[in-house]
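*Asks:* Pasting a structure below so you can have a look.
Here, each number is a calculation from the coordinates, and none is a lab measurement. Values in this document were obtained by computation on a predicted structure and should not be read as measured data. Here the Cβ positions follow ideal geometry from the backbone for every residue, glycine too, while neighbour counts run over all protein chains shown.
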């Protein structure tokens with residue numbers, strides 16, 4: 001393919017994880033193919049070779065490209081002609097496996113979309129960053145809530161100064177599914193998320209608080225200065241936190257709060273954020289993602305709806321819409337927007353162009369490192385009785 005030639009074909013996807021009993025692997029496969037810009041052609045769907053191959057038919061993966069391990073997949077795919085091998089891999093496995101898989105994929109020259117948190121610990125994230133920077137691959141992290149149209153609209157509004165100087169961010173992610181000790185019943189999702197050897201140093205804060213923190217960073221662009229955090233496991237005998245709250249000081253003098261719970265009765269996936277600026281404030285909830293509230297003192301509250309044809313919709317918000325107003329768009333479409341944005345860069349790379357690595361509309365390797373630093377500093381702060389610790393990692397973007 002010549003330099004800067006257009007890539008006028010579907011991108012070929014390799015899925016790692018997503019075997020029988022998986023949730024997030026299926027989400028990735030649907031999101032990647034939603035806009036008909038990619039096709040799933042290969043997979044290493046489980047750490048168990050037999051289960052991996054047995055899971056392939058449900059994805060329409062041919063037996064010849066249903067691999068028993070990611071190592072076998074990378075080796076075999078690398079030997080295929082350029083016009084047949086996979087273009088990118090999606091990593092949808094438990095946290096403790098992300099680093100070795102992602103590093104091998106980058107070194108093999110494959111673009112990567114990795115689930116969050118990006119790695120098991122900060123050291124792995126920093127090593128992975130060096131590997132990515134020494135390559136030309138596109139690397140995205142699936143902080144999927146940044147893909148919602150109104151989140152992208154809010155980001156554009158805030159960065160344009162429409163809310164004035166941002167002074168406060170309150171983000172929370174509240175669930176209730178781990179109120180009882182599900183991990184004792186061999187519930188697959190609970191088992192690995194509450195296991196320090198698979199999840200990492202944090203439980204709820206690694207699993208869902210990272211989304212809440214990332215959302216505030218993405219929407220406002222504010223750089224953090226320091227964090228003070230309390231983490232707690234309320235379920236007796238649980239080794240990782242199931243509840244926590246963090247207070248954040250930002251470099252501009254603003255304050256933030258991140259709360260995460262997995263033990264609140266009746267709560268499902270209640271990710272919400274409120275942002276206060278000197279000119280106005282906004283509120284958005286993931287469980288009602290097609291509405292955003294804007295407030296200004298002395299004026300009626302405004303409800304902004306997801307409407308790609310409305311004059312209030314910003315360019316990035318409208319571009320993230322697939323349906324007319326009144327037809328709800330939600331989780332799958334937001335995930336697909338992360339893929340669509342990354343696909344633009346993958347296609348550019350495939351055509352011989354250099355692509356931006358740091359300032360992307362999708363979460364990237366730098367956001368992944370920031371997320372791991374957030375987890376580490378929150379855990380360390382909690383261990384030191386909520387001591388204030390630095391929160392700005394050298395890799396922080398914007």
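*Asks:* What is the fewest-to-most order of 53, 198 by other Cβ atoms lying within 10 Å of their Cβ?
*Replies:* Going from sparsest to densest Cβ surroundings: 198, 53.
*Asks:* Quick one: length gained pulling residue 236 to residue 168 fully straight, 0.36 nm per residue minus the C-alpha distance?
*Replies:* The residue 236-residue 168 span can extend by a further 21.1 nm.
*Asks:* In the chain, what % of DSSP beta bridges are antiparallel (nearest 5)?
*Replies:* Roughly 60 percent of the DSSP beta bridges within the chain come out antiparallel.
*Asks:* If each residue's Cβ is checked for other Cβ atoms within 10 Å, how do 98, 393, 301, 143 rank with the fewest at the top?
*Replies:* Ordered by Cβ neighbours within 10 Å, fewest first: 301, 393, 143, 98.
*Asks:* Using the count of nearby Cβ atoms within 10 Å as a rough guide to exposure, how do 129, 150, 383 rank from fewest to most?
*Replies:* Starting with the residue having the fewest Cβ neighbours, the order is 383, 129, 150.
*Asks:* State, to one decimal in nm, how far the label point of residue 332 lies from the label point of residue 79, with both points 7 Å from Cα in the Cβ direction.
*Replies:* 3.7 nm
*Asks:* How many angstrom lie between the C-alpha centres of region 190-254 and region 58-125?
*Replies:* 27 Å
*Asks:* Oh, and also: Normalising by the residue count of region 121-269, find the relative contact order in percent from Cα pairs under 8 Å and 6+ residues apart.
*Replies:* Once normalised by length, the contact order is 30 percent.
*Asks:* Separate question: What is the chain by shape, rounded, prolate or oblate, if you read a ≥ b ≥ c off the alpha carbon gyration tensor as root eigenvalues and call it rounded for a/c under 1.5, prolate for a/b larger than b/c, and oblate otherwise?
*Replies:* Verdict is oblate for the chain.
*Asks:* Let me ask something additional. Using just the helices of the chain, give the 222 nm mean residue ellipticity in deg cm²/dmol: DSSP H runs with n ≥ 4 each add -39,500 (n - 2.57), and the total is spread over all residues, rounded to 500.
*Replies:* Helix-only estimate at 222 nm: -9500 deg cm²/dmol.
*Asks:* At residue 127 and residue 309, where each label point lies 7 Å from the Cα along Cα→Cβ, what is the point-to-point distance in nanometres?
*Replies:* Calculated label separation equals 5.4 nm.
*Asks:* Springs between alpha-carbon atoms under 10 Å, Gaussian network over the chain: tell me which of 111, 354, 95 tops the mean-square fluctuations.
*Replies:* Of 111, 354, 95, the most mobile in the Gaussian network model is 354.
*Asks:* Cut-off 10 angstrom, C-alpha nodes, Gaussian network model of the chain. Which of 246, 62, 330 fluctuates the most?
*Replies:* 62
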